[in-house]
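Peer 1: A single structure is presented below for examination.
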Amino acid sequence: MLFKEIIGQDETKRRLLQMVKDAKVGHALLFTGREGCGKLGLALAFARYLNCEDPGTDDSCMECSSCRKYSKLVHPDLHLVFPVVETKSSGADPVSDDFISQWRDCVLGNPYLRLFQWYEYIGIEKKQGSISRKESLQIIRKLSFKNFEADRKVMIIWMAEKMNLSAANKLLKVLEEPPPKTVFILIAEDASQIIPTILSRTQLIKIPGIDPESMGRAIREKHGITGQGQVEGLVRMAGGNYLRVMEAVNETEENRFHFDMFVSLMRLCFAVDVVGILAWIDKMADRGRERQKQFFQYALRIIRGNFIQNIKAGNIDLLSEEERNFSDKFSSFVHSGNVFAIYNELNKASEHIEYNGNSRLIFFDLSLRMAKLLKA
């Protein structure tokens, strides 16, 4: 990745470039921000710039040996760590190196990658990956070697909140006192899930959502959409998250499933149709935990959009045309008297799924609570 390939984030780019120019690059950085903001791309562009043999004022040269290897993510001094899980081909207790070819292909195809897309890519969408203690031992081993070519070794840990406790504790010492010429870049969407002792050893780089102007420009240039109204609608719906634009333009099968399931659940809850709710739960329970969590994220966005539509808050619009058509009638049931409670119930259910609760019980409990809230 190059800095110029990342949508927006001009202030963050300037900050990172200045750190290099002032020779004040910390030994451990934590890039944190919500999905679709470009934090993974920024980390890869920053790592590339650190080791570029002829860096320009605001980007890597693209020509040197280091840049050519970074462009394919094959530089021997670039180390990549990400959540994995046992599969038929990986064997027991796998580490990132067992999936490195798939990871490179996946990231080079979409640097705005979300965790579920990675799981789906390697066929583990019904499981939850992690970064294990064995992975931490691999990290320590790799960093004990001398640099092969570059001035700095760079260790990028994507979705660092997926480190289990044993893995995190094992990394504490090397994070605090890494080998010379080593830079850790941790990337996280929810830094609160990272243990405090890890957080205290990193320099925090907060990545905001993509600004509307840059998002609009990307929509025009990358997707060939030029209609002013359509561009503005996509920008508002994205809310700083480029993944939403990609999904809206492509209208993925998963998005269609989420929309249909959300509409169905709201109607069943409003009618207090217990038989229908149980059938709905059967269908959702087969999706796997990561897909279930994605549904909750979708539902939160739709609820937020409906509330804004209900109170007619200016031009703010988080909904696609199809979602708006449904919300013309549904939004009246999402108001100041229940929206915060609905939001809380959806968030709570998502957390319970994350902690391996019984999904059928979680969805049934949520449905009963939603039935009551929608009539509040």
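Peer 1: Which entries of Lys24/Lys173; Lys21/Lys222; Lys127/Lys206 show an alpha-carbon separation above 26 angstrom in the structure shown?
Peer 2: Working: Lys24/Lys173 21 Å; Lys21/Lys222 31 Å; Lys127/Lys206 29 Å.
Correct reply: Lys21/Lys222; Lys127/Lys206.
Peer 1: Can you give the relative contact order of the range 148-236 as a percent, counting alpha carbon pairs under 8 Å and 6+ residues apart? If you can, show how the numbers build up before the last one.
Peer 2: On the way: 63 pairs, mean separation 25.6, N = 89.
Worked out over the range 148-236, it gives 29 percent.
Peer 1: A further question follows. Would you please calculate the Kirkwood hydrodynamic radius of the chain over all C-alpha pairs and express it in Å, rounded to one decimal? It would help to have the intermediate numbers written out before the result.
Peer 2: Details: mean 1/r = 0.0449 Å⁻¹.
Here the Kirkwood hydrodynamic radius works out to 22.3 Å.
Peer 1: Whole-Å semi-axes of the range 252-373's equivalent ellipsoid, largest first, each the root of 5 times a Cα gyration tensor eigenvalue?
Peer 2: Working: eigenvalues 103, 47, 39 Å².
Listed largest to smallest, the semi-axes of the range 252-373 are 23, 15, 14 Å.
Peer 1: When only Cα pairs under 8 Å and 6 or more residues apart are kept, what is the percent relative contact order across the chain? List each step's numbers first, then the result.
Peer 2: Working: 525 pairs, mean separation 69.1, N = 376.
Reported as a whole number, the value is 18 percent.
Peer 1: Between Asp211 and residues 5 or more places away or on another chain, which pairs have amide H atoms under 5 Å apart, with H built 1.01 Å from N, and which residues are they?
Peer 2: Answer set, sorted by chain and number: Gln9.
Peer 1: Go through 158-169, 227-238 and give me the packing order, highest mean Cβ count within 10 Å leading. Walk me through the intermediate numbers first.
Peer 2: Numbers: 158-169: 19.8, 227-238: 16.8.
So the order, starting with the most tightly packed, is 158-169, 227-238.
Peer 1: Further question: In nm, give the distance between the simple-model label positions of Met246 and Lys283, each being 7 Å from the Cα along the Cα-to-Cβ direction.
Peer 2: 2.7 nm
Peer 1: Now for a separate question. Given +1 on the Cβ of Lys and Arg, -1 on the Cβ of Asp and Glu, and no further charges, what dipole in debye does the range 3-206 carry about its Cα centre, rounded to the nearest 20?
Peer 2: On the way: 30 positive and 26 negative charges, 77 e Å.
Charge dipole of the range 3-206: 380 debye, to the nearest 20.
Peer 1: Where the centre of each part is set by its Cα atoms, how far does the range 90-156 sit from the range 191-230, in angstrom?
Peer 2: So the separation of the two Cα centres works out to 22 Å.
Peer 1: Please get the size of the charge dipole for the range 252-373, origin at its Cα centre, with Cβ charges of +1 on Lys and Arg and -1 on Asp and Glu, quoted in debye to the nearest 20.
Peer 2: Details: 16 positive and 16 negative charges, 57 e Å.
In debye, rounded to 20, the range 252-373 gives about 280.
Peer 1: Roughly how many debye, to the nearest 20, is the charge dipole of the range 211-250 about its Cα centre, given +1 on each Lys and Arg Cβ, -1 on each Asp and Glu Cβ, and no other charges? Working shown, then result.
Peer 2: Values: 5 positive and 5 negative charges, 13 e Å.
Using Cβ point charges on Lys, Arg, Asp and Glu, the range 211-250 gives about 60 debye.
Throughout, read-outs are computed from the coordinates displayed, never taken from laboratory work. All of these numbers come straight from a predicted model, not from anything done at the bench. All Cβ positions, glycine included, derive from the backbone under ideal geometry; neighbour counts span all protein chains shown.
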